[in-house]
Amino acid sequence: MEPIRDFFGIDWKAFGITIFVALLGFQAIIQVLHWFLFEFFGIETKAMREKKEEHELLLFTQQKIQDLEISQKNDEKELHRSNKELKECIENLTKMYVDKEIDDIRWEILDFSSAVTCGRKYNRETFEHIFRMYEKYEMILQENHLENGLVTESMEVIKEVYHKQLKDGVIK
């Protein structure tokens, strides 16, 4: 019975403080060991290595995203420049095509006028073709805000010859 009495006779305050100090000491020893093993010697645990690898992967991914954003901005600038160049080329080609179309029609009308003036005979379909070409010529000029002035006199000559040949019965 004596041991039981001794057990209940313990100073519980001193015992609690002793346990608390022992735990603090144990914690301090663990921190010193942690520093000594992991910081001083550079030993890594698997968890530390995985955390470090995750951090490096995160930094690498962040850098790649930034590089991608820069590349995207550069691509957008290049695309804008290319689109502008392409638009200018298309406008230039369109202008060249319109100019060629005008020149071809003008040449056809002037050549026809010259041939008719020299007395060459043509049928009704040829005259109608020239009249349609002249209408097309005028429409192209109007659509492109250009002025006629080069084939007007030739068309007057062609119309006079056409009406004269209709009147004389050469064209039926």
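Look through E135, E101 and report the one residue that is touching a residue at least 12 places away in the same chain (Cβ under 8 Å), surrounded by fewer than 15 Cβ atoms within 10 Å (Cβ to Cβ) and among the acidic types (D, E).
On the way: E135 fails: touching a residue at least 12 places away in the same chain (Cβ under 8 Å).
After applying the criteria, what remains is E101.
For beta carbons closer than 6 Å, sequence separation of 6+ or different chains, a first residue in segment 19-37 that is free of Cβ contacts under 8 Å to residues at least 24 places away in the same chain and a second that is aliphatic (A, V, I, L, M) and outside any helix (DSSP H, G or I), the qualifying pairs are L37/I43.
Restricting the search to segment 104-124, which residues are closer than 23 Å to L146 by Cα and touching a residue at least 12 places away in the same chain (Cβ under 8 Å)? Explain how you work it out, then say what you get.
Residues of segment 104-124 closer than 23 Å to L146 by Cα: 104-113.
Once the filter is applied, which keeps residues that are closer than 23 Å to L146 by Cα and touching a residue at least 12 places away in the same chain (Cβ under 8 Å), segment 104-124 yields I105, R106, E108, I109, L110, F112, S113.
Taken together, L141, L146 contain a single residue that is under 58 Å from the mean Cα position of the chain (by Cα), within 30 Å of M96 (Cα to Cα) and either part of a loop (DSSP other than H, G, I, E, B) or acidic (D, E) (or both), which is L146. When E78, E88 are checked against the criterion of being surrounded by 10 or more Cβ atoms within 10 Å (Cβ to Cβ), over 30 Å from E138 (Cβ atoms) and of a type outside the set (A, V, I, L, M), a single residue qualifies: E78.
Only the coordinates and a few stated rules stand behind these numbers; no lab work does. All values reported here derive from a predicted model rather than from experimental measurement. No Cβ is skipped: glycine too gets one built from the backbone with ideal geometry, and neighbour counts run over all protein chains shown.
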